[in-house]
1. Consider the stretch 139-187. How many of its residues are in contact with a Gly (Cβ under 7 Å, 6 or more places away or on another chain), in a strand (DSSP E or B) and closer than 23 Å to Glu57 by Cα?
2. Do we find a residue being farther than 23 Å from Leu118 by Cα and either in contact with a Pro (Cβ under 8 Å, 6 or more places away or on another chain) or not aliphatic (A, V, I, L, M) (or both) anywhere in the stretch 210-218?
3. For the stretch 34-91, which positions are among the basic types (Lys, Arg) and over 30 Å from Leu167 (Cβ atoms)?
4. Just to check your reading of the model, which residue among Phe283, Phe248, Phe290, Phe212 is of a type outside the set (Val, Ile, Thr), over 14 Å from the mean Cα position of the chain (by Cα) and surrounded by 13 or more Cβ atoms within 10 Å (Cβ to Cβ)?
5. Residues that are loosely packed, with under 12 Cβ neighbours inside 10 Å: which helices (runs of 4 or more DSSP H) entirely in the stretch 20-78 hold 3 or more of them?
6. Are there any strands (runs of 3 or more DSSP E) wholly within the stretch 211-292 with 1 or more residues that are farther than 30 Å from Lys61 by Cα and β-branched (Val, Ile, Thr), and if so which?
7. Using the structure shown, decide if Ile158 is of a type in the set (A, V, I, L, M) and more than 17 Å from the chain's Cα centre (by Cα).
8. Which residues, taken from the stretch 90-109, are among the polar types (S, T, N, Q) and part of a helix (DSSP H, G or I)?
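The values are calculated or read from the model by the stated rules, or taken from the named source; none is laboratory data. Computed from a prediction, not measured in an experiment: that's the story for all the values here. Virtual Cβ from ideal backbone geometry, glycine too; neighbours counted across all protein chains shown. Ligands, DNA and RNA are excluded from the accessible area calculation, which covers all protein heavy atoms including side chains. Shrake-Rupley method; radii C 1.70, N 1.55, O 1.52, S 1.80 Å.
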Amino acid sequence: MEIPVIDFSKLESENRGEAMTLLHEACEKWGFFMIENHGIDKELTQKVKQLVNLHYEENMKSNFYDSETAKTLANNEYISSKDWESTFFVWHRPNSNINELSLSKDLSKMMDAYIDQLIKLAERLSELMCENLGIQKNSIMEAFAGGRGPSVGTKVAIYPECPRSELIRGLREHTDAGGIIVLLQDDQVPGLEFFKDGKWEKIPPSKNDRIFVNIGDQVEILSNGTYKSALHRVMAMKDGSRLSIATFYNPAGDAIISPSPKLLLPTHFRFQDYLDLYTKTKFEDKGLRFECMKSMENGH
């Protein structure tokens, strides 16, 4: 199955309509997609990946293979309560914790520069989604803002080479709780899988500097179910360790989340009232009738 690939360069060309249609279908029918020509500095992304892999080799690898999770494989039983991953989490907005982590100065500097660009990309994605939904382009950003702006954080994960990959998941099945997830992933080792149409689809490594995007639960709520958060997992792999740098563009903790009012259908009306309106507007757009019924519902 061909995963949708959105060419962002088309958004500035005569092919914009084609790219917007593909984006809408990807959000509506898939819940995930890849983007290319996204504007994120390629040298920067490569440097971030190199420095994360170096940090793992020097500071995390030996501890992971000495961990209880790794030792549990010796029991020769399927492990359903743990994940085969070595991780750390970086908060960026509204407050950063990067200086509190034991990261090299180079990694901290590169990560900050990468996130500055990535937040702009997430904001642009949110505006494009709003445009496709027919709501104001800043609707998602405003909904996520709360009192101090959106919450942005990055889960940096290595899924180490696993000698008994049949006994454990890299990461168990789940949907993401937040908003828009932008993933910089390994360009060699697979393992990520998304559930679509009753089966698990293998997501290939990100070649040619493509970035993977998936939708979280809050965008599904804000879109009134039009856009879907998708169930996904990471498989443990016998051959090679997989890198995953997933940045979450999420609502603030105090943000109040609800479907965009424009996307809600009218509720709690008498059918006779609708029928009276229908006889007057039968040959007009039904959307106008729905908006009228919502106004009546609100006492207007």
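1. Of the residues in the stretch 139-187, 2 are in contact with a Gly (Cβ under 7 Å, 6 or more places away or on another chain), in a strand (DSSP E or B) and closer than 23 Å to Glu57 by Cα.
2. no
3. Lys42, Lys47
4. Among Phe283, Phe248, Phe290, Phe212, only Phe290 is of a type outside the set (Val, Ile, Thr), over 14 Å from the mean Cα position of the chain (by Cα) and surrounded by 13 or more Cβ atoms within 10 Å (Cβ to Cβ).
5. Of the helices (runs of 4 or more DSSP H) lying wholly inside the stretch 20-78, those with at least 3 residues that are loosely packed, with under 12 Cβ neighbours inside 10 Å span 42-59.
6. 211-215
7. yes
8. Hits for the stretch 90-109 are Asn99, Ser108.
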